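Right, one structure below, let's go through it.
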Amino acid sequence: MKGSALAVIGGQWGDEGKGKVVDLISPSFDLVARYQGGHNAGHTVKFGDKHFALRLVPSGICRGGVMNVIGNGLVIDPRALLSEIDSLRAAGIAVGDNLLVSDRAHVILPTHALLDGAREKALGGANIGTTSRGIGPAYESKANRSGLRIADLIDPDRFRAIARPVVSHHDAVLKHFYGVEGAPVEETLETYIECGRKLARFVTDTSVFLHGELAKGRKLLCEGAQGIMLDVDHGTYPFVTSSSCAPGGACTGLGLPPSALGAVVAVMKAYTTRVGSGPFPTELKDETGERIRKRGNEFGTVTGRPRRVGWFDAVVARAALRVSGLDAIALTKLDVLDDHDEIRIATGYAIDGRPVSAVPARADLYERAQPVYRSFPGWKTSITGIETWEALPARAREYVSALEEIVGAKVGLLSTGARREETIVRPGTALDGWLKATVGQPA
Ligand code: GDP
Ligand code: IMO
Ligand code: MG
């Protein structure tokens with residue numbers, strides 16, 4: 001069991017391409033497990049003429065022979081999970097004995113989503129820009145010990161008894177504080193009980209299951225959602241999500257000891273994006289940003305919102321390295337930078353004229369951070385689909401090598417397009433030993 005799990009996490013503000021990377025490398029693993037978040041995540045997998053935006057189901061689902069686990073650390077809207085399973089099946093992906101759901105994962109109630117929306121509205125211009133899926137309020141219920149778990153959902157009598165006062169309480173809060181009509185209690189309970197009936201076949205104690213599998217020598221891929229800068233502790237609080245996106249979250253969110261984690265890979269874009277509000281020092285609000293947004297198709301997988309766009313930020317990447325102990329970076333979307341004369345990397349910041357080398361705790365201070373840039377000449381030629389390091393233009397290699405040096409971590413995998421095969425796996429890096437020869441090959 002020692003060291004048989006690899007965690008793939010987001011190294012920036014989410015949407016780095018975790019879905020692509022997890023799908024690509026999952027044939028080298030027996031199990032893929034999500035450990036936090038909920039259907040605020042949107043993980044894109046593309047191969048052949050297929051295109052999936054996975055939300056709760058792990059990105060290993062598109063590969064035969066891989067067991068997919070939704071861990072205890074998630075918050076699950078059962079309606080969203082069932083609808084995702086239905087659409088996967090409709091697209092020809094088998095979902096059955098290859099999926100397990102933790103009995104300890106928490107349930108997102110319709111009132112959680114209503115509370116999310118009402119609070120955002122009440123915050124006005126100071127809102128977080130959440131996905132309004134009820135993620136924050138559901139984690140709040142978990143932490144204040146009024147949450148309902150999947151084990152409760154699949155027992156109708158128990159669910160009716162313990163959910164009724166919770167939904168009624170949410171309804172009262174919605175009405176009195178926000179003037180919002182809540183969810184009809186009895187109807188909500190019956191809808192959820194029906195969902196529970198359909199989900200029951202997938203539900204088990206996934207910590208016990210995973211321990212058993214790891215004891216047999218199986219290999220586990222832990223799939224993070226969101227990213228280090230959206231982590232509730234290490235992100236740009238309060239403009240964060242409500243879970244632990246860092247690798248530590250994989251231990252609590254799956255019920256595994258820290259010693260199970262053998263390596264960590266952070267997925268990072270060759271530039272930066274962020275959806276929603278909050279500080280973003282390298283943001284480009286000009287024509288250059290517009291070009292990157294367009295070429296990178298930077299619109300939210302879940303909400304369709306335009307993503308904010310900026311240069312690669314090495315201060316953020318070093319925070320990911322510090323908190324997560326990166327064995328390798330998976331650098332994605334290098335192809336999106338194909339047509340620039342100049343490409344920049346922020347190596348540090350100045351705040352009120354003073355040099356700063358780490359992200360400050362306070363968002364208002366971070367808003368004042370002015371990036372200090374290093375500049376690189378662009379390669380001005382298409383690299384889409386390139387599959388070897390040697391075939392990249394010299395300037396693209398120079399950019400990646402400088403980025404490695406500035407961050408202090410190696411790029412083990414380089415993505416040059418959205419599809420599986422559009423990837424360079426660099427030999428001799430920490431990822432190597434983990435992957436079979438199948439990596440980089442279309443399924
Ligand atoms: P995730 O949430 O980290 O899984 O990332 P998303 O799927 O939300 O967003 C990443 C987007 O970039 C998706 O539309 C992917 O299809 C796309 N993508 C991933 N890697 C690359 C790449 O190397 N080049 C290009 N052009 N697109 C990519
Ligand atoms: P994946 O897994 C990018 C952002 C929201 C908002 C903040 C809080 O696809 O990378 P929440 O609904 O979680 O309370 O919203 O976090 N956010 C994401 N941004 N990618 C994601 O997931 C995100 N999940 C949440 O935009 O700013
Ligand atoms: Mg996403």
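The values are calculated or read from the model by the stated rules, or taken from the named source; none is laboratory data. The structure presented is a predicted model; accordingly, all values stated were derived computationally and were not measured. Positions of Cβ are generated from backbone atoms using ideal geometry, with glycine treated the same way; all protein chains shown enter the neighbour counts. The accessibility values were calculated without ligands, DNA or RNA, using every heavy atom of the protein model including side chains. Shrake-Rupley method; radii C 1.70, N 1.55, O 1.52, S 1.80 Å.
Observations on the structure shown:
- Pairs, first within 12 Å of His170 (Cβ to Cβ) and in a helix (DSSP H, G or I) in the stretch 112-130, second open to solvent by 50 Å² or more (accessible area, probe 1.4 Å) and among the charged types (D, E, K, R), C-beta under 8 Å, six or more apart: Ala113/Arg133; Asp116/Arg133
- Test: residue in the stretch 56-69 that is closer than 26 Å to Gly235 by Cα, free of Cβ contacts under 8 Å to residues at least 40 places away in the same chain and assigned by TED's automatic domain parsing to the domain that holds Ser244: yes
- Tally of residues being surrounded by fewer than 19 Cβ atoms within 10 Å (Cβ to Cβ) and more than 23 Å from Glu421 (Cβ to Cβ) across the stretch 324-339: 1
- Selection within the stretch 2-57 - surrounded by fewer than 24 Cβ atoms within 10 Å (Cβ to Cβ), in contact with a Pro (Cβ under 8 Å, 6 or more places away or on another chain) and over 20 Å from Val336 (Cα atoms): Gly48
- Residues in the stretch 22-44 that are within 12 Å of ligand 2 (Cβ to nearest atom) and of a type in the set (Val, Ile, Thr): 2 in all.
- Test: residue in the stretch 371-383 that is in the same structural domain as His51 (by TED's automatic domain parsing) and under 25 Å from the mean Cα position of the chain (by Cα): no
- Here is the figure for the stretch 349-387: residues that are closer than 20 Å to Ala402 by Cβ, assigned to a loop (DSSP other than H, G, I, E, B) and β-branched (Val, Ile, Thr) total 3.
- Against the conditions (1) more than 16 Å from ligand 2 (Cβ to nearest atom); (2) over 21 Å from the mean Cα position of the chain (by Cα), Glu367 satisfies every one except (1).
- Selection of helices (runs of 4 or more DSSP H) fully inside the stretch 226-345 by the criterion of at least 1 residues being within 16 Å of ligand 3 (Cβ to nearest atom) and in the same structural domain as Thr423 (by TED's automatic domain parsing) returns 287-295.
- Pairs meeting the criteria (first residue in the stretch 356-380 and among the hydroxyl-bearing types (Ser, Thr, Tyr), second residue surrounded by fewer than 16 Cβ atoms within 10 Å (Cβ to Cβ), beta carbons under 6 Å, at least 6 apart or on different chains) are Ser375/Glu342.
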